[in-house]
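Heads up, the thing below is written out as structure tokens.
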Amino acid sequence: MTDTSENFDAIIVGAGFSGLYQLYCLREKLNLRTRVLEAGGGLGGTWYWNRYPGARCDSESHTYCYYFDQSLLEEWSWSERYPGQEEILKYLNFCAQKFDLERDINYNERVVDASWDSEAKLWRIKTQAEKTYCASFLITAVGCLSSANMPTIDGLKNFKGEVYHTGQWPHESVNFTNKSVVVVGTGSTGIQAIPEIAKQAKSVYVLQRTPNFSVPARNRPLSKEFHSKFVSQIDVWRSKMLESRHGHPWVAPNRQVRKTDPEERIRIMEAAWRHGGLGFRESFDDVLLDEESNTIMSDFIRQKIRDTVKDPETAKKLLPKDHPFGTKRPPIDTQYFETFNREHVHLIDLKENGISSCFSEGVLLSDGTKIFADMIVFATGFDAMTGALQKMNIRGKGGFRLQEAWHAGPRTYLGLAVPEFPNMFIITGPGSPSVLTNMPRAIEQNVDWITDLLSHVIQNDYAEIGVAQANAKEWTAHVTDVANKTLLPKANHSWYLGANVPGKPRVFMPYAFGLNHYRDHCASVAKNGYEGFVMTK
Ligand code: N01
């Protein structure tokens, strides 16, 4: 039989922010024959799939972009404080065009199998399009939030209306006019989508399992003057982001909630609330470290919800009760709580009255109530951080499956590499700061580091690079330790812990010690001859 596989130095899986930049680096800096395999019909990753109404990033535009190229920063100007999904896609397409990336991307090629050939020392990769590729290096750039989490509901198949998951939103426009819409889920996505859907729909039924904290985004248009000023201060923005633990350009305020005079702290919280955005949490240093401080801030938000929502019963149902503020990824919103003042918007507390099943015309609740609906929108999140990786059927040395390797939770070294899976690297993998940061900063750090490592491997003619079990074990224990020093694991149902997916092992996956510390640590690993990696010829 003739071998029809195509051979490359490196295969990158995914054409989102991380895959595009990794392609640029491998091709332009290392001159590697590189191919990106992308499941979608276009580039953008998260932003290709998540095109639900209201989809918008919660990092500010001028920080949620690449910083590796000065001319790119100067040429592209953002129209709003937070970039909307469409504008982000336009931006990524602009980048792809500027750096001529698309010639090395294959669309509509979902990777369904990847196995390490120990003799040939290469990866054999198969796609759903029945193509096979061979490459010395496999780099996954599949995003942390890309594998949709769809609940199993009895009778859903019998429902005759339209069914959507926000993470797999259709490209055609979805019309809510005169429709009765059920929305399941009140995470960042639901909180963005519900006000937008309510603007059009005849009625909206929000099925809430866990009430969530949310801070006003205060989105606004950006002026030309803003862009000019930004361009003159790019280095300042960059260094602020590099110095911070989360990759946002905020300087730690050096004050604690508990130790600040009560009147003064209210003044600070009010000002941060008026300013809006994720920076609200950063207006004190100890919100995720000290329970008493967190309670003060959580109570402040609960009071804002009571003040906003006119019906006291509805307001009560919307009050977050079971997790400290910020321990689940905090959404930011535009008129989320205000939307519940609209007469056609109804809130169902699933903890009081759960979903029993679906019937042909809607959703049946456990108390027997029937919600008649034309449409059900699942804003139920993702099998985060590991789901997309595990779906690819990756097999390392001796056919060892990634699913087996991670049966008790993901085990990585630096979030970048897994023992028994040589020559494979994960961008923003579990065990790296990833989702706890402004993603492009975490992505650029990971990609730059992987690129330097591959340069070292190639210059020294190594054929195989792997990681020892002991290093991965130690790193993974460290990831757990640093998370346990914060309040983050207190939200025991969060996707950070994998708790949103039935049967998934509960392990705190992202690295909580900060992107700045992580960057320093990775730099010292490299300086010490890539300590923890084993390279052979
Ligand atoms: O997903 P989520 P998301 N029955 O997992 C509920 C990023 N993001 O898509 O809390 C009923 O947070 C679930 O309930 P519970 C951001 O990092 C960023 O909203 O598990 N309900 C929850 O309410 C974010 O954190 C941006 O009890 C069910 C909701 O569905 C991440 O993506 C915008 C259920 C899921 O919330 C994920 O956000 C959007 C079930 N069986 C997203 N299963 C921005 O940049 C789940 N739920 C602004």
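The values are calculated or read from the model by the stated rules, or taken from the named source; none is laboratory data. Here the structure is a predicted model, which is why all the values come from computation and not from measurement. A quick note on method: Cβ atoms are made from the backbone with ideal geometry, for glycine too, and the neighbour counts reach across all protein chains shown.
Things worth noting here:
- Residue within region 324-340 that is away from the ligand (no atom under 16 Å from the Cβ) and touching a Gly at 6+ places or on another chain (Cβ under 9 Å) present: no
- Just one residue in the set Y511, Y518, Y496 is part of a loop (DSSP other than H, G, I, E, B) and modelled with pLDDT of 95 or more; that residue is Y511.
- Filter result for Y413 (in contact (Cβ under 8 Å) with a residue 24 or more places away in the chain, surrounded by fewer than 21 Cβ atoms within 10 Å (Cβ to Cβ) and not small (G, A, S)): no
- If only residues of region 358-384 that are in contact with a helix residue (DSSP H, G or I) (Cβ under 8 Å, 6 or more places away or on another chain) and more than 17 Å from T189 (Cβ to Cβ) are counted, the one that is surrounded by the fewest Cβ atoms within 10 Å (Cβ to Cβ) is S360.
- Taking the listed residues N149, N108, the one that is of a type in the set (S, T, N, Q) and touching a Phe, Trp or Tyr at 6+ places or on another chain (Cβ under 7 Å) is N149, with no other qualifying.
- Scanning region 238-271 for residues that are touching a residue at least 40 places away in the same chain (Cβ under 8 Å) and on the phi < 0 side of the Ramachandran plot turns up R238, M241, L242, E243, S244, R245, H246, H248, P249, V257.
- Selection count, region 343-389, where residues are more than 13 Å from the ligand (Cβ to nearest atom), touching a residue at least 60 places away in the same chain (Cβ under 8 Å), not aliphatic (A, V, I, L, M) and not in a strand (DSSP E or B): 5
- When region 71-103 is limited to residues that are of a type in the set (S, T, N, Q) and part of a helix (DSSP H, G or I), the one that is farthest from L26 (Cα to Cα) turns out to be Q85.
- Scan of region 228-254 for residues that are of a type outside the set (D, E, K, R), out of contact with any Lys or Arg (no Cβ under 8 Å at 6 or more places or on another chain) and in a helix (DSSP H, G or I), ordered by number: S228, F230, V231, S232, I234, V236, W237, S239
- Only one of K304, K259 that is surrounded by fewer than 14 Cβ atoms within 10 Å (Cβ to Cβ) and either more than 26 Å from the chain's Cα centre (by Cα) or modelled with pLDDT of 95 or more (or both): K259
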